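First the structure, in the form of structure tokens, and then the observations on it.
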Amino acid sequence: MTFGSELKPNEFGAINGYVEKQIDVYGGLYKILSEKAAAEREYGRKVLELARGYQEQLAGIYEAKEGAGDNSLALTDAEAAASESLELLPAVNEWVVRLEEEGRLHMQLASKISTDIADELHQAFGSLGDARKKSLEFYQRLLGERDKVFELKDKARAQYELRSKALGTSQTRQERATNEKDQDKYRQKADKNSSLRNQAKNEYILQVAVANAVKQAVNHQFTPRIMDSMQTINEQRVATTKRLLLQLLAMQEAADSKKVAGTQRAAHVLGRVTPETDSEQYIRKRIDGGLSKWEEQADFRVIVDYAGGEESAMATDGESQVILRNLCLQADRERSRAEHELHAKNEAAEKQRRQTGSGGKGSERALEKAAEAEQDATLVELAIVQHKALRAAVESELGPVDRGSPHEFKSYTVAISKTCDYCGDSIGGLNRKAARCALCSYTCHAKCQIKVSPNCAGPDHESKGGFLSLFGSKKKSRHERSASVVSGASAESGASTDGPASSSNVASGSASQTSLQRQASSYGATLPRRSASQAPQALHDGSPRMAAAGGVSSVGRSNTVGRSGVGSAAGGGSVAGGGGRSPSTATASATDGSYVTVVYDYEGDGSTTLTVHAGDRVRVVEPDTGGHGWIRVSASGQEGLVPTTYVNMDEYSPPHAAPAAASPRSPSIRSNSIHSPAVSQRSWSQQPSTSASASGDYVVALYDFAGRDGEELSFSAGDKIRVTSRDIGGGWLQGTIYGQTGRFPENYIKDEDE
């Protein structure tokens with residue numbers, strides 16, 4: 001019989017009190033033995049006094065028999081001669097009775113008692129007391145860990161209720177909106193709040209499942225285990241007391257032959273003591289006295305807004321499935337590590353238990369170490385329970401979740417702005433926390449990491465094919481890999497699932513095309529303006545951040561490369577990189593405005609970018625008409641790209657030929673209209689001047705346009721916009737609408753009088 005299997009979890013406090021009192025009481029033997037060794041001459045009187053006093057202590061933990069006289073623990077001759085197992089209490093009392101018959105103790109016996117018995121008992125009971133305290137502290141810590149899980153469950157519920165309230169507010173505002181623009185605005189906000197509500201709901205459901213699993217484990221697995229540990233401590237107390245008293249009795253038998261009969265009787269009684277019998281007596285006392293009671297605590301239940309039509313099941317849309325799957329894989333990794341750790345700790349605990357089982361000297365210290373090892377293993381096992389509960393909760397909704405090919409993300413802080421491969425937004429500024437897969441180099445916001453599908457394709461060997469292969473296949477394949485699991489989940493459920501970029505901002509085109517546009521923007525670099533004191537810093541990442549002809553481009557602004565994407569490189573023909581110093585072009589016509597002077601040295605990559613040196617004269621083949629920071633030049637029969645800020649563009653004047661029509665750019669990813677045109681990109685020779693139209697006139701919007709930041713206006717088709725400036729260049733105007741002033745594309749509007 002064990003405490004953990006026979007008694008109830010809520011009896012731990014009683015068990016602790018019992019063990020504590022037993023250790024304190026039997027620890028009192030140290031005082032007796034010490035006084036006994038020190039009071040040789042007064043042995044008869046002193047031992048009698050101490051023995052009777054200790055008998056009173058024993059009586060305090062024992063229910064006296066009716067009509068048994070002063071010493072109800074005393075055994076009759078028949079009881080002492082019996083052979084059945086016996087608990088420790090009456091046996092110790094028998095030994096104390098034998099002390100009453102002793103008159104004096106030899107000096108040698110006193111010395112042996114002091115060194116071999118008293119000191120060891122003091123150390124042993126000190127270790128047992130420490131082990132009991134640590135078991136109690138661990139039990140309290142275990143309850144604290146359980147309560148932390150319960151608090152997480154309550155916080156998840158509060159977060160879910162908060163998200164539900166925000167969703168209701170957004171939906172109400174959408175219903176009350178009086179125009180299409182406001183309806184679209186609040187619809188987008190409602191969609192976002194719906195996604196946040198679903199995530200909060202899933203977190204809440206998972207926390208409830210974890211809390212129930214933890215509750216079950218603490219009550220029926222870990223608490224009984226600690227109770228058994230207390231029983232082991234208590235039984236070690238019995239074994240230690242038995243061993244030391246038997247040792248003392250052997251000394252007395254050799255030292256005082258006159259007391260052989262009494263000593264043999266006490267030895268016989270103590271020999272019948274077993275730790276198991278002592279524990280059984282305590283268990284029977286608890287059960288027979290009606291003190292062993294337990295009422296099972298009800299499982300936690302998910303509470304949602306049933307009145308609002310909310311269901312208690314998890315959200316299983318495409319994004320939620322990816323997140324849930326990632327949580328499962330994360331839990332699997334943590335569980336695998338925990339299982340290895342648990343195996344090691346269990347082996348350590350078993351090793352200490354084997355030393356304890358010997359019952360020899362030092363077994364109490366081994367017991368303490370075994371208890372510590374078991375406690376460490378219990379905490380690890382508690383973590384495994386949580387990981388298993390999380391996976392079980394997810395699989396109850398989604399079915400079996402396979403491992404897939406998870407990414408190996410490493411967290412870092414970006415130094416130069418990059419584009420998130422998942423959502424397409426910029427990683428930089430105040431939001432610089434990022435994660436990069438060590439295998440496929442997939443890069444995203446730290447907050448987007450949980451949403452990325454676990455389908456890592458491993459190292460991408462196409463990355464060595466030059467910047468065009470990076471842009472055309474690697475970047476695209478990243479998005480396709482990111483979207484494949486979501487698409488697969490949507491196909492199984494019969495629902496359409498788009499990536500975050502296409503669901504919020506793009507009304508036409510596939511999600512992969514939109515992600516490609518955003519990823520292309522990451523190849524744009526903001527080069528520092530030319531300074532008389534410092535050369536600009538060129539890009540040295542193996543590609544000049546420009547797309548090939550027919551690639552994706554975004555709205556640009558003149559002279560800087562900000563959020564806009566890359567411009568188009570010239571189509572047709574190959575681009576060769578110069579490896580050495582270009583010869584001077586002094587023989588070029590001094591009046592030819594297509595030649596410019598290189599201001600700073602620049603080393604190309606030998607593929608698409610050209611190596612030039614300060615002082616070289618190069619011919620501009622294609623100017624930086626979109627403000628992307630790169631121009632195509634020709635020198636010594638070779639063509640390539642160089643940074644705009646590395647040459648003196650003040651010397652450049654376009655050829656006197658009919659200007660080519662402005663090449664249309666791909667639709668703005670912020671546009672909400674399927675029929676809206678691409679934002680135009682004018683060459684420098686086509687930029688309208690202020691005199692083209694006086695500031696303060698009005699234009700009419702032909703298409704919907706959604707501004708991407710505070711510097712760009714948002715408007716709908718048919719809105720009237722007051723133009724405040726037409727000379728900002730790059731195919732952009734500045735105007736005011738609804739009390740806000742900002743930029744907007746020129747080819748999205750027409751003059752009011754047209």
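The values are calculated or read from the model by the stated rules, or taken from the named source; none is laboratory data. The structure presented is a predicted model; accordingly, all values stated were derived computationally and were not measured. Counting neighbours? That spans all protein chains shown, and the Cβs are built from the backbone with ideal geometry, glycine included. Surface accessibility is based on the protein's heavy atoms, side chains included, excluding ligands, DNA and RNA. Shrake-Rupley method; radii C 1.70, N 1.55, O 1.52, S 1.80 Å.
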* To do: Six or more apart or on different chains, Cβ under 9 Å: which pairs go from a residue in the range 409-430 that's within 11 Å of Thr443 (Cα to Cα) and without any contact (Cβ under 8 Å) to a residue 40 or more places away in the chain to one that's among the basic types (Lys, Arg) and assigned to a loop (DSSP other than H, G, I, E, B)? Could you list them?
  => Val414/Arg432
* Residue check: is Thr277 under 20 Å from Val401 (Cβ atoms), more than 21 Å from the chain's Cα centre (by Cα) and of a type in the set (Val, Ile, Thr)? -> no
* Would you mind telling me which numbered condition in (1) modelled with pLDDT under 85; (2) touching a strand residue (DSSP E or B) at 6+ places or on another chain (Cβ under 8 Å) Leu430 fails? => (2)
* In the range 406-425, how many are surrounded by 19 or more Cβ atoms within 10 Å (Cβ to Cβ), more than 21 Å from the chain's Cα centre (by Cα) and at negative phi? -> 2
* **Matching entry among Ile303, Ile283, Ile287 (being within 16 Å of Ala14 (Cβ to Cβ), of a type in the set (A, V, I, L, M, F, W, C) and open to solvent by 20 Å² or more (accessible area, probe 1.4 Å))** => Ile287
* To do: Inspect the range 237-254 for any residue being of a type in the set (D, E, K, R), assigned to a loop (DSSP other than H, G, I, E, B) and either surrounded by fewer than 20 Cβ atoms within 10 Å (Cβ to Cβ) or touching a Pro at 6+ places or on another chain (Cβ under 8 Å) (or both) and give the result as yes or no.
  => no
* **Spans of strands (runs of 3 or more DSSP E) in the range 546-645 with at least 1 residues open to solvent by 40 Å² or more (accessible area, probe 1.4 Å) and either modelled with pLDDT under 50 or within 26 Å of Gly729 (Cα to Cα) (or both)** => 595-597, 617-622
* To do: Answer yes or no: is there a residue in the range 139-151 that is hydroxyl-bearing (Ser, Thr, Tyr), closer than 30 Å to Val25 by Cβ and out of contact with any Asp or Glu (no Cβ under 9 Å at 6 or more places or on another chain).
  => yes
* **Asp154 open to solvent by 30 Å² or more (accessible area, probe 1.4 Å), touching a residue at least 60 places away in the same chain (Cβ under 8 Å), more than 30 Å from Glu364 (Cβ to Cβ) and assigned to a helix (DSSP H, G or I)** => no
* Asked: For the subset of the range 25-41 comprising residues that are at pLDDT below 80 and of a type in the set (D, E, K, R), which member is nearest to Ala118 (Cα to Cα)?
  -> Glu40
* Mind checking which residues of the range 137-175 are out of contact with any Ser or Thr (no Cβ under 7 Å at 6 or more places or on another chain), among the hydrophobic types (A, V, I, L, M, F, W, C) and farther than 30 Å from Ser229 by Cβ? -> Ala156, Ala158, Leu162, Ala166
* Odd one out for Ser170 among (1) open to solvent by 20 Å² or more (accessible area, probe 1.4 Å); (2) farther than 19 Å from Ala393 by Cα; (3) part of a helix (DSSP H, G or I) -> (1)
* Any idea which residue in the range 695-722 is modelled with the lowest pLDDT, counting only those that are open to solvent by 60 Å² or more (accessible area, probe 1.4 Å) and touching a Lys or Arg at 6+ places or on another chain (Cβ under 9 Å)? -> Ser695
* Asked: Does Ala239 meet the test of being within 33 Å of the chain's Cα centre (by Cα) and among the aliphatic types (A, V, I, L, M)?
  -> no
* Asked: In the range 59-81, which residue that is of a type in the set (Gly, Ala, Ser) and under 60 Å from the mean Cα position of the chain (by Cα) is modelled with the lowest pLDDT?
  -> Ala64
* **Filter pass, Ala366 being open to solvent by less than 30 Å² (accessible area, probe 1.4 Å) and closer than 27 Å to Thr274 by Cβ** => yes
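To keep it simple, each residue is scored yes or no on (1) touching a helix residue (DSSP H, G or I) at 6+ places or on another chain (Cβ under 7 Å); (2) in contact (Cβ under 8 Å) with a residue 60 or more places away in the chain; (3) under 24 Å from Cys328 (Cα atoms); (4) surrounded by fewer than 16 Cβ atoms within 10 Å (Cβ to Cβ).
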residue: Lys112; (1), (2), (3), (4): yes, yes, no, no
residue: Leu128; (1), (2), (3), (4): yes, yes, no, no
residue: Arg141; (1), (2), (3), (4): no, no, no, yes
residue: Tyr160; (1), (2), (3), (4): yes, yes, yes, no
residue: Arg163; (1), (2), (3), (4): yes, no, yes, no
* Asked: Do any strands (runs of 3 or more DSSP E) entirely within the range 696-748 hold 1 or more residues that are under 27 Å from Gly424 (Cβ atoms), and if so, which?
  -> 698-701, 732-737, 740-745
* Asked: Given (1) within 23 Å of Asp116 (Cα to Cα); (2) of a type in the set (A, V, I, L, M); (3) in contact (Cβ under 8 Å) with a residue 60 or more places away in the chain, where does Ala217 come up short, assuming only one miss?
  -> (1)
* Would you mind stating whether Ala298 is modelled with pLDDT of 85 or more, out of contact with any Phe, Trp or Tyr (no Cβ under 9 Å at 6 or more places or on another chain) and crowded, with 20+ Cβ neighbours inside 10 Å? => no
* Residue pairs meeting the criteria (Cβ under 9 Å; at least 6 apart or on separate chains; first in contact (Cβ under 8 Å) with a residue 40 or more places away in the chain and open to solvent by 20 Å² or more (accessible area, probe 1.4 Å), in the range 24-40; second of a type in the set (Asp, Glu) and not in a loop (DSSP other than H, G, I, E, B)) -> Tyr30/Asp119; Ser34/Asp119
* Asked: Quick check, is Val19 at pLDDT below 90 and of a type in the set (Val, Ile, Thr)?
  -> no
* Taking Met227 and the conditions (1) free of Cβ contacts under 8 Å to residues at least 40 places away in the same chain; (2) open to solvent by less than 10 Å² (accessible area, probe 1.4 Å), which numbered condition does it fall short on, given that it satisfies the others? -> (1)
* To do: Kindly check whether there is at least one residue in the range 652-662 that is out of contact with any His (no Cβ under 8 Å at 6 or more places or on another chain), at pLDDT 85 or above and outside any loop (DSSP other than H, G, I, E, B).
  => no
